[in-house]
Amino acid sequence: AWQPIRVPGEPMKQGFAIRHDTPFAYRKKIFIPADCTGQTIRRRYDGVYNNARVWVNGEYVRDHHGGFTRWECDVSGLVLPGEAALVVVEVTDRADGISYGSGYAKHMIGGILRDVSLRALPPVHPAGISIITDLDENYKNANLLISGKMTGMPEDGKIRLALTDPYNSSIPLQYKEVAVSDTNPFIIRNEMRSPHKWDAEHPNLYELTLAYFEKNELVYQNVWKVGFREVEIKGNKMLVNGKEVKLRGANRHDIHPLLGRVSTPEYEHRDVRLAKEANMNFIRTSHYPPTENFLSLCDKYGLYVEDETAVCFVGSHRTAAYYPGASENDTTFTER
């Protein structure tokens, strides 16, 4: 009795009467591309509310508590490149969920609410990349700090960096290539002279490319948008690049008239444009982290974002249908 359903999308908004603490399931046949051979293959979930369990080709993989945070399943040993695989996701909208998303939505939102994707990565590649822009005391020059670690032992490995400014001009880097030989954390520091700064009125973004080569053969590459900015709190003032900023904005939910607690790329783009047209410079995400795409749009158009945790209302405002409350102090919930 399997029926079609839109993903992302709330089941409740599509005619499926789900109940608290009662599991229901999705299944989908996916094709694993042949060029995934020899790669680490991962199934990525950007948001499943609020308890999920995953099987691939009949084998149990893992569970996850949450709702609005990204998580992955390593399915490398369970699928064959060039062939189809059957994925089953069991979802339960638990009444003790620490996100409390169904509570303030006033109905059960349980389901796959955000994107699902397939990723293939080489066994050895840079991971956990952190990019920090550290401005000097005069907010003029900056250090560009890039750190991470390799997922395995490199074999004649090199990381190469390339940087372009907001006007697509290449920026020379003092350290644009470094050798990596082990799994210890690495950090690459480059001094930047008078970079274009990022703020809501001047959303200047650089483009950073990080490539990893083994024996001079490219095996991994990723691109990030980077803004040079420094945020400080002094007393009751917020400073961006040394200048006082007053926040004018609003709360925002992921919301779609037909799909419920879902935020499509089109709606996210419209929300950001409407905020800018209304002369707002600030969005508070209520009451969970937004999608990566929404944050990228805020970077591009110039909006400050208060990025809220997905754990909320654990000690207050809970109705009788939800329990237990005070879960922030209950060791039963520590792993979640």
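The values are calculated or read from the model by the stated rules, or taken from the named source; none is laboratory data. Please read these numbers as outputs of a predicted model, since none were measured by experiment. Using ideal geometry, Cβ is built from the backbone for each residue, glycine included, and neighbour counts are taken over all protein chains shown. Side chains included, ligands, DNA and RNA excluded: accessible areas come from the protein's heavy atoms. Shrake-Rupley method; radii C 1.70, N 1.55, O 1.52, S 1.80 Å.
Things worth noting here:
- Residue within segment 256-270 that is part of a loop (DSSP other than H, G, I, E, B), surrounded by 13 or more Cβ atoms within 10 Å (Cβ to Cβ), under 20 Å from the mean Cα position of the chain (by Cα) and charged (D, E, K, R) present: yes
- Members of segment 70-95 found to be at pLDDT 95 or above, open to solvent by less than 10 Å² (accessible area, probe 1.4 Å) and of a type in the set (Gly, Ala, Ser), listed by number: 85
- Pairs, first surrounded by 17 or more Cβ atoms within 10 Å (Cβ to Cβ) in segment 282-304, second part of a helix (DSSP H, G or I) and aromatic (Phe, Trp, Tyr), C-beta under 9 Å, six or more apart: 283/294; 285/294; 287/104
- Among the criteria (1) outside any loop (DSSP other than H, G, I, E, B); (2) in contact (Cβ under 8 Å) with a residue 24 or more places away in the chain, the one residue 154 does not fulfil is (1).
- Segment 201-245, subset without any contact (Cβ under 8 Å) to a residue 24 or more places away in the chain, assigned to a strand (DSSP E or B) and not hydrophobic (A, V, I, L, M, F, W, C), residue surrounded by the most Cβ atoms within 10 Å (Cβ to Cβ): 221
- Residues satisfying the stated conditions in segment 152-172, i.e. open to solvent by 70 Å² or more (accessible area, probe 1.4 Å) and polar (S, T, N, Q): 168, 170
- In the set 27, 42, 53, only one residue is within 30 Å of residue 220 (Cβ to Cβ), open to solvent by 40 Å² or more (accessible area, probe 1.4 Å), modelled with pLDDT of 95 or more and not in a loop (DSSP other than H, G, I, E, B); that residue is 42.
- Those residues of segment 247-281 which are over 27 Å from residue 49 (Cα atoms) and touching a residue at least 60 places away in the same chain (Cβ under 8 Å), in sequence order: 281
- Answer residue from segment 137-149, given it is without any contact (Cβ under 8 Å) to a residue 60 or more places away in the chain and touching a strand residue (DSSP E or B) at 6+ places or on another chain (Cβ under 7 Å) and is least open to solvent (accessible area, probe 1.4 Å) among those: 148
- Members of segment 169-195 that are in a loop (DSSP other than H, G, I, E, B) and under 26 Å from the mean Cα position of the chain (by Cα): 183, 184, 185
- Any hit, segment 128-136, residues being open to solvent by 60 Å² or more (accessible area, probe 1.4 Å) and more than 30 Å from residue 312 (Cβ to Cβ): yes
- Failed item, numbered, when residue 159 is tested on (1) of a type outside the set (Gly, Ala, Ser); (2) within 30 Å of residue 245 (Cα to Cα); (3) touching a strand residue (DSSP E or B) at 6+ places or on another chain (Cβ under 9 Å): (2)
- Annotation note: of 309, 319, 332, the sole residue that is open to solvent by 70 Å² or more (accessible area, probe 1.4 Å), farther than 30 Å from residue 207 by Cβ, assigned to a loop (DSSP other than H, G, I, E, B) and not aliphatic (A, V, I, L, M) is 319.
- Some residue of segment 276-294 being touching a Pro at 6+ places or on another chain (Cβ under 9 Å) and part of a strand (DSSP E or B): yes
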